[in-house]
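The values are calculated or read from the model by the stated rules, or taken from the named source; none is laboratory data. A quick note: this is a predicted structure, and the numbers were derived from the prediction, not measured. All Cβ positions, glycine included, derive from the backbone under ideal geometry; neighbour counts span all protein chains shown. Accessible surface areas use protein heavy atoms only, side chains included; no ligands, DNA or RNA. Shrake-Rupley method; radii C 1.70, N 1.55, O 1.52, S 1.80 Å.
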Amino acid sequence: MTLPPLPDTGYTPTAEERADLDRWFAAYDAHSARRDVARMADMAVFPLNLVSDDAAGNGRSAQWDREQFIATMTQVMGDGGEDIAFESTRTPVFLSPSMVVVFTDSAMTTEGRTQHLRYADILIRWDGTWAFQTMIQSGWGDQL
């Protein structure tokens with residue numbers, strides 16, 4: 001399958017900028033696998049924007065503070081009784097050296113069950129490192 005070309009944003013990242021983003025996501029994935037929600041929250045800028053849709057088919061959005069992020073993600077990710085593994089393919093679209101939209105196709109496996117996810121994130125460089133600013137995923141609007 002041939003993927004369509006990425007949109008021309010006028011900015012092409014260097015190999016080091018792309019590697020830095022990949023390292024950042026590897027750290028985030030490691031925190032997620034351990035269900036270390038506090039460390040996951042350390043990798044976001046608050047208020048964090050969330051965009052989704054609800055069961056009625058309406059688009060929804062919200063802004064979460066750190067406490068709401070931690071409470072909700074702790075509930076979503078469970079108590080940590082079972083191992084959780086992520087396998088993700090990410091397609092970043094750099095808008096500038098400090099802004100990137102990342103499209104992700106992911107498989108999350110826990111208790112022998114795999115769930116496929118597709119989502120997008122907007123990251124910004126904040127104090128020299130990447131940070132989530134907006135998370136976009138279908139199906140969560142009723143929980144926002």
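Taking segment 99-120, which residues are over 19 Å from residue 35 (Cβ atoms) and surrounded by 14 or more Cβ atoms within 10 Å (Cβ to Cβ)? Those that are over 19 Å from residue 35 (Cβ atoms) and surrounded by 14 or more Cβ atoms within 10 Å (Cβ to Cβ): 99, 100, 101, 102, 103, 120.
Among the residues here, residue 61 does not qualify as buried (at least 17 other Cβ atoms within 10 Å of the Cβ) and either touching a residue at least 60 places away in the same chain (Cβ under 8 Å) or in contact with a Gly (Cβ under 8 Å, 6 or more places away or on another chain) (or both). Here residue 47 meets the list (1) more than 20 Å from residue 144 (Cα to Cα); (2) open to solvent by 50 Å² or more (accessible area, probe 1.4 Å); (3) in a strand (DSSP E or B) almost entirely, failing just condition (1).
The residues listed here are 138, 106, 98; of these, the one that is hydroxyl-bearing (Ser, Thr, Tyr) and either over 13 Å from the mean Cα position of the chain (by Cα) or at positive phi (or both) is 98. Set side by side, the residues 55, 38, 30 differ, and just one is in a loop (DSSP other than H, G, I, E, B), hydrophobic (A, V, I, L, M, F, W, C) and loosely packed, with under 14 Cβ neighbours inside 10 Å, which is 55.
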